[in-house]
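These notes are about the structure you will find just below.
Quick note: the coordinates plus some simple rules give every number you see, no bench work behind them. Note that the structure is predicted; figures quoted are calculated from it, not measured. Cβ atoms come from the backbone with ideal geometry, glycine included; neighbour counts cover every protein chain shown.
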Ligand code: ATP
Ligand code: MG
């Protein structure tokens, strides 16, 4: 009927591969928009799931929905995060191999929510025995604890994960979840001491103050009001209506008991958290010699008590530094600025390492020694590509991580595609795509990569300045299609050094990094000595005395991150992939608002068009003969209601009857490959009406 809307016109197609004008970004966006306006937030590109954050509860995560997706063939139900989870699970169970689900997207796009939904799906739908319920609960309850310590309110997201997370869920041969393991990446330590306007520190600080019992706060020497703490009040939104700290404290306290933290663990842990707050409130004053002194030692005494360190040694460490000359060590006083810097570096190191301790502790509660030969599904909830007005070292690492993951996706997709055609005996022509290896090399190559150059600068005698770093970059990298440096006029009083920037042309767009202030922020050696002497049981594990001797040889943060990324990729390469790409629909956290400009940008940098092209390069669609027949058998009298011969012959009979032309399809060993979406479309439409 002319003018009548088909279902496809109204709600779009549930797989982008079925779009006619598949190479056009506008068609892609139109489809996404149509679906979003109908609250259909999920769409496939083949087996990749695109998810648009609805910013509202949609009622699509109920128990009955979970049951619906259990064990059902991937394409038979509307796209859903449960379908991705179920598909990985079924494949793992039937093929006894390991899987991972990579969830990416920018801040606020819904990565963490998606990973929680997947975990819940497994917790509810997987078989379970009574004795293994504890393991399942610990997996579930590790989340609120990690979120309390690793998430914070930012301008982009009220519950933003400020660390990358990879979590293995381990299953036994019956498919029962029996344990897990978590790896965390690069917690944003700078947030401990500074927050932008409208942002907060990590949730746990506020939760403790709002929800902590009177006796606990008295023991820690804390007041309830977060405004009293410098580290909590710089963003001017310590009290945030969208976050319920008091309730969250209860959830976290309960989670602590489920994952087996003892009273002693908690006493030590909160001793550290409180010490960070006390540290932040230490004020320095300039004495007559122009050096820093601490007029009020109230906070110092609390820290000394909570961390089990000598208050006078702590005081000296915060206001002095050790200079190692050839034959002797000299202790010199610090200026006001440098003392504040030493204090903040100490707070960051203490928090950062305590977070790592926390992850290790959770891991020891998730480990299940009784089960060997387990298979796993890994969930990777990792920060998306970031571009701010000012981009520092943390953005540099995050964006480098995205380059690596993009490379993995391209390689794995092409490889998987090629392998499939080969296995099925189908000829195809590979397509061109941008290989971002060149950018990864620029960052990570030995000797001439940016991280190497940064490392060299850190070990060079004399102060490493940002200028010398940039000069070395210019010299070593030289002319490169994806790199340039830029010198800006220095602000007043800093004319000598000037403001230096370098720019990388990432696969997802160009980013200018400002190198000021972010080069290796380290704890001064006197502060490190104090921390190594601590009697706090957790700090004792975090700061080993051996470190004092090996300081010079410790890898820099950049190298550490590079190494941890390379092990992550090793973990991922050995597993079967599934991908979820999350999209944020608008900047205001509003439901139903589809911001074209913002979304177009994400479609670009998430590499969705590229993925679609790869997916479509050979054959748009492929289906096992059995599944194809099952779905469309009603279209042909020979196959309806039952076909008793081999499925391949049934499919041949069926497509002959509905008129597929030879150029439209190929028959592989186990699957039918359909070249154009319109072919499948026509079949779908005939089937629907
Ligand atoms: P970040 O990188 O900052 O950690 P993220 O991608 O992990 O961001 P989430 O914390 O998962 O983002 O989502 C942000 C908010 O969006 C959630 O707190 C929730 O309010 C909303 N949201 C995300 N996904 C969904 C969903 N599927 N249904 C309803 N609301 C959602
Ligand atoms: Mg998150």
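The angle separating the long axis of helix 647-658 from the principal Cα axis of greatest extent in the chain is about 70 degrees.
Fewest-first ordering of 636, 582 by other beta carbons within 10 Å of each residue's beta carbon gives 636, 582. As a proxy for reagent exposure, 76, 113 were ordered by neighbouring Cβ count within 10 angstrom, fewest first; the result is 76, 113. The mean of 1/r over all distinct Cα pairs in the range 65-118, once inverted, gives the Kirkwood hydrodynamic radius of 12.1 Å. Measuring nothing but how far apart in sequence close Cα pairs (under 8 Å, 6+ apart) lie, relative to its length, the chain scores a relative contact order of 19 percent.
Each label point was placed 7 Å from the Cα along the Cα-to-Cβ direction; for residue 214 and residue 156 their separation is 4.3 nm. Semi-axes of the equivalent ellipsoid of the chain are 51, 29, 23 Å, computed as sqrt(5λ) over the eigenvalues of the C-alpha gyration tensor in descending order. DSSP beta bridges fully contained in the chain are about 75 percent antiparallel. Mind pulling the angle between the C-alpha long axis of helix 450-459 and the longest principal axis of the chain? Nearest 10 degrees, somewhere in 0 to 90. Long axis of 450-459 versus the principal axis of the chain: about 20 degrees. Using a cutoff of 8 angstrom between alpha carbon atoms and counting only pairs six or more residues apart, the relative contact order for the range 13-132 works out to 20 percent.
Inter-label distance, residue 571 to residue 330: 4.7 nm, where each label sits 7 Å from its Cα along the C-beta direction. Full extension of the chain between residue 57 and residue 370 gives 108.8 nm of extra length, using 0.36 nm per residue less the Cα-Cα distance.
Against the chain, whose longest principal axis is taken from its Cα atoms, helix 133-150 shows a tilt of about 50°.
Where in the range 347-388 does the label zone of residue 510 land, with the point 7 angstrom along Cα→C-beta and an amide N cut-off under 16 Å? Of the residues in the range 347-388, 387-388 have backbone N under 16 Å from the label point off residue 510. Could you estimate the translational diffusion coefficient of the range 1-123 from the Stokes-Einstein equation, with Rh from the Kirkwood formula over C-alpha pairs, at 37 °C and 0.692 mPa s, in whole µm²/s? Once the numbers are plugged in, D ends up at 210 µm²/s.
In the chain, the DSSP-assigned H stretches of four residues or longer account for a calculated mean residue ellipticity at 222 nm of -14500 deg cm²/dmol, using -39500 (n - 2.57) per stretch and the full residue count as denominator. Here the range 186-238 is treated as a sphere whose radius is the Kirkwood value from Cα pairs; by Stokes-Einstein at 20 °C and 1.002 mPa s it diffuses with a coefficient of 186 µm²/s. According to the Kirkwood relation over distinct C-alpha pairs, the hydrodynamic radius of the range 584-679 is 16.0 Å. Counting other Cβ atoms within 10 Å as a rough exposure proxy, the listed residues 102, 315 run 315, 102 from fewest neighbours to most.
Taking each residue as 0.36 nm, the span from residue 20 to residue 387 lengthens on full extension beyond its C-alpha to C-alpha distance by 128.8 nm.
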